[in-house]
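**Q** Structure in structure tokens, see below.
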Amino acid sequence: MTSIRKNKLFMAVLYVLVFFMLAEWLTPVIVLTETGHKALFLIFIAVGLLMAFLRVPWWFSGPIKILYILWFIVYVYTGNLLFTGEAISFLRNDFGMNFSALTTQNWAQTTDVFRTVLFFILLWMAIYLIHYWVSFRLSIFLFYLLTVVFIAVLDTFSPYSGETAIIRIMVIGLLLAGLLHLARWMEGHRILERTDKMAMFAVPLVLLVAVSTAIALYLPKAEPIWPDPVPFITSFSGQGGVGSGGNVGRIGYGVDDSRLGGSFIGDDTPVFRAEVPEGQYWKVESKDIYTTKGWELTENLGDSIVYGNNETVDTDFISAEEELETALLSMEQDFPFVLYPYGTKSFSMDESPNYQYNTADQRFETYQNGQEFEPETYEIFFNEPSYSLTALRETSEEDLAELSSEYDRFLQLPEELPQRVRDLAVEITNNSDTVYDKTRAIERYFSTSGFEYSQSDIPVPEADQDYVDQFLFETKRGYCDNFSTAMVVMLRSLDIPARWVKGFNEGELINSEGDTDIYQVTNNNAHSWVEAYMPGVGWMLFEPTIGFTGASSIDFDLELDAADPEQPDQLEQPIAEEPEDTGEEEAAVASGPSFWDRFSDFIAANRWKLIWAMVGGAILAAVLFKIRHRWMPKLLVSYYRMRGGGTERFEKAYLRLLKQLELYGISRKPGQTLKSYAAYIDSFFGTREMSELTEAYERTVYGGDGESVDWPELRESWENLINRTSG
């Protein structure tokens with residue numbers, strides 16, 4: 001009888017499927033690290049699998065792989081051929097640098113070439129392990145499971161989208177697992193390896209996978225039952241909002257805003273502490289491209305201006321020439337940039353870094369000796385901008401038409417934007433004459449039209465749905481991202497330049513020392529708001545989010561008639577804001593509920609889900625107990641390998657084998673001797689192993705000759721019998 005492992009066509013199909021599975025591992029790594037040269041890495045994987053399939057000896061395949069790695073390094077990093085003087089010199093110098101870095105344990109000095117070599121070694125090891133699993137173990141379940149978990153985790157916690165990848169993995173994995181199970185089954189039942197018999201079993205498997213996949217793709221999909229777990233996890237990790245962000249509903253400050261929406265849970269992890277005369281909005285950056293789902297930044301646009309320590313900086317907000325105020329920030333999370341209030345004049349810190357200001361997103365990145373620098377404590381000198389109400393009352397639509405082309409990117413709107421969003425903006429501003437009045441009318445609209453501030457039960461737009469349209473006309477429920485994005489989009493629909501701004505709000509006032517207030521700013525205070533351009537005046541801050549009071553300072557230099565009910569400017573007087581109530585609401589948002597409050601709310605909101613989860617867990621436990629004869633052998637083998645040898649260990653192992661055989665269905669008859677039972681087991685499995693173990697057991701128990709038993713030598717026979725009971 002020929003083993004199915006010798007069938008070249010069958011094994012070739014397995015190796016092709018394995019190649020596609022490895023490609024699914026490689027793709028997100030390439031995407032997330034922006035490595036490039038994916039095709040060359042895939043060629044290395046294909047060559048490695050081909051040589052494994054052909055059983056090329058290691059002394060030949062090893063040098064081939066090493067030569068490919070060397071060629072890749074030289075080609076990618078220098079553009080030269082492999083066997084040139086420049087290539088050899090490059091490899092020698094790079095090897096020397098990395099060897100020196102490793103011997104001195106200076107890991108930061110290792111080069112990209114060294115990291116590339118490590119990545120190739122990782123691929124090499126993966127190829128070998130999969131070759132072993134496929135050719136010798138005829139089992140790929142562990143690798144299949146790890147692949148599903150790997151892609152699912154990346155899809156959940158990173159910008160990588162695994163929606164289509166997970167489908168490909170499921171199809172490839174099911175085919176691999178099914179074909180390998182077929183191979184094990186044919187070998188176990190000693191079925192002749194013939195093409196017609198293999199096709200008879202394999203074709204239904206392929207058809208079943210294909211049909212089930214097609215049905216799954218085309219059937220209607222239900223909405224998610226469970227809330228997004230990412231915000232809940234990050235809220236307890238102590239790292240909410242740190243890093244690159246990426247997924248819907250992530251709490252705190254993040255970089256990726258391309259897909260907004262979704263609920264999140266508050267996180268009171270401290271970000272920084274501010275000592276300042278009064279509360280400020282702390283700006284980080286702005287973005288200009290609205291995509292119907294979120295925000296992106298125009299690439300390769302704007303100038304980068306480098307400022308030194310204590311050097312006067314130039315932003316879009318000009319403050320009055322008065323005595324400067326000082327803010328002292330003590331960071332508790334690491335950011336490679338500085339946060340700054342409106343009207344900032346200069347920065348100062350002991351380390352004297354460089355401040356690189358990008359005019360595209362108004363962000364101040366910090367560098368020291370050419371490397372990113374994460375400041376711990378720094379001072380900011382600033383004066384809050386002040387605006388003349390007289391000048392604002394003179395802003396007109398004719399002035400907007402005369403703006404230069406540099407403001408065009410702040411008018412961008414996607415073609416897919418629903419017309420009713422534009423119509424609503426026109427309706428809101430029908431009774432407004434100036435640009436400022438129109439902007440204020442939209443800012444006030446959210447607090448007077450039934451909108452609700454909430455961080456929970458916030459939907460994510462569908463593929464064909466606009467984020468702003470959903471908020472304005474369907475949910476009317478959301479947090480700062482919803483309000484600020486909606487205002488920017490409506491302003492742009494009226495040809496008023498506007499941009500979306502990110503940073504932190506004032507935070508919680510925790511102490512006062514003379515004229516200085518001390519604020520604690522946490523991830524809960526991550527915030528977004530609006531900057532709109534008033535022709536002849538400049539950029540101004542606007543706050544559309546319900547419950548937040550940040551706004552630009554207005555110099556009321558007009559003589560207003562307080563008795564005139566038609567005078568809209570009265571709405572802008574500070575006394576009309578009722579700061580006591582809004583302060584309490586803002587403080588509640590900033591502090592957030594305690595851990596036990598969140599836990600109790602979660603239990604109350606998901607009581608039935610938890611009950612069904614426990615019922616499902618009980619059913620799963622019952623099923624696992626019912627089929628314990630299938631998975632128990634693996635645990636037993638691992639357990640007895642770790643426990644070492646000895647006569648006592650052998651006796652326990654033998655009794656465990658008897659119990660496992662009984663679970664398998666080969667019970668010992670009443671009155672049957674161990675020798676007779678062992679002979680029956682050997683005839684059933686076609687071995688002599690049970691008789692050998694039984695003879696050793698009888699010598700130990702009945703003959704008192706335990707020293708003659710060599711458990712390490714007998715363990716292989718014991719493991720073989722244990723493994724057979726898992727079939």
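The numbers here are math on the coordinates, done by the rules we state, and not lab data. It should be emphasised that the depicted structure is a prediction, and the values quoted were computed from it without experimental measurement. Glycine gets a Cβ as well: all are built from the backbone with ideal geometry, and neighbour counts include every protein chain shown.
**Q** How large is ³J(HN,Hα), in whole Hz, for each residue of the range 142-152 in order, when computed from phi with the Karplus curve 6.51 cos²θ - 1.76 cosθ + 1.60 and θ = phi - 60°, using x for Gly and Pro?
**A** 4, 5, 4, 4, 5, 5, 4, 4, 4, 5, 5
**Q** Given the C-alpha centroids of the range 484-509 and the range 286-316, what is the distance between them in whole angstrom?
**A** One Cα centre to the other: 15 Å.
**Q** Between A621 and E692, what FRET efficiency comes out of the Förster formula 1/(1 + (r/R0)^6) with R0 = 41 Å and r the beta carbon distance, rounded to 0.05?
**A** That gives a FRET efficiency of 0.65.
**Q** Still on this structure: For the range 338-437, which GluC sites (Glu not before Pro) pass both filters: DSSP loop (anything but H, G, I, E, B) and at most 16 other C-beta atoms within 10 Å?
**A** Qualifying residues, ordered by number: E351, E376, E394, E402, E415, E416.
**Q** Further, regarding this structure: For Y218 paired with I88, estimate the spin-label separation in nm (one decimal), with each label point 7 Å from Cα along the Cα-to-Cβ line.
**A** 6.3 nm
**Q** Do any of K283/K345; K293/K476; K8/K38 go past 18 Å between their Cα atoms, and which?
**A** Beyond 18 Å: K8/K38.
**Q** Whole-Hz Karplus ³J(HN,Hα) for the range 688-697, in order, using 6.51 cos²θ - 1.76 cosθ + 1.60 and θ = phi - 60°, x for Gly and Pro?
**A** Karplus values, whole Hz, x for Gly and Pro: 10, 6, 5, 5, 4, 5, 5, 4, 5, 5.
**Q** Here's another thing I want to ask about it. For a quick check: with amide H placed at 1.01 Å from N, whose amide H comes under 5 Å from Y340's, ignoring anything fewer than 5 positions away on the same chain?
**A** K283
**Q** Roughly speaking, what is the centre-to-centre gap between the range 326-374 and the range 28-72 when only Cα atoms are used, to the nearest Å?
**A** Spelled out, the Cα-based centre of one part sits 43 Å from the other.
**Q** Within 10 Å, count the other beta carbons around each residue, average over each peptide in 616-625, 282-291, and list them highest first.
**A** On the way: 616-625: 10.1, 282-291: 21.4.
Packing order, densest peptide first, comes out as 282-291, 616-625.
**Q** Spelling out what I want: for every residue of the range 178-184, take phi, set θ = phi - 60°, compute 6.51 cos²θ - 1.76 cosθ + 1.60 (Karplus), and round to whole Hz; glycine and proline get x.
**A** Calculated HN-Hα couplings, in order: x, 5, 5, 5, 4, 5, 5 Hz.
**Q** Next question, about the same structure. By how many nm would the segment from V47 to V76 lengthen if fully extended, with 0.36 nm per residue of separation less the alpha-carbon distance?
**A** On the way: separation 29, 0.36 × 29 = 10.44 nm, distance 1.88 nm.
8.6 nm is the gain from fully extending V47 to V76.
**Q** For V271, what residues show an amide H to amide H distance below 5 Å, using hydrogens built from the backbone and excluding near sequence neighbours?
**A** V521, T522, N523
**Q** Going highest first, how would you order 58-69, 123-134 by mean Cβ packing within 10 Å?
**A** Packing proxy ranking, top to bottom: 123-134, 58-69.
**Q** How high is the FRET efficiency between E716 and E376 when r is their beta carbon distance and R₀ equals 60 Å, given to the nearest 0.05?
**A** Efficiency, rounded to the nearest 0.05: 0.50.
**Q** Out of residues 5 or more away from H527 or on other chains, whose amide H comes under 5 Å of its own, with H placed 1.01 Å from N in the peptide plane?
**A** Those qualifying (amide H under 5 Å, at least 5 residues apart or on another chain) are G503, F504, N505.
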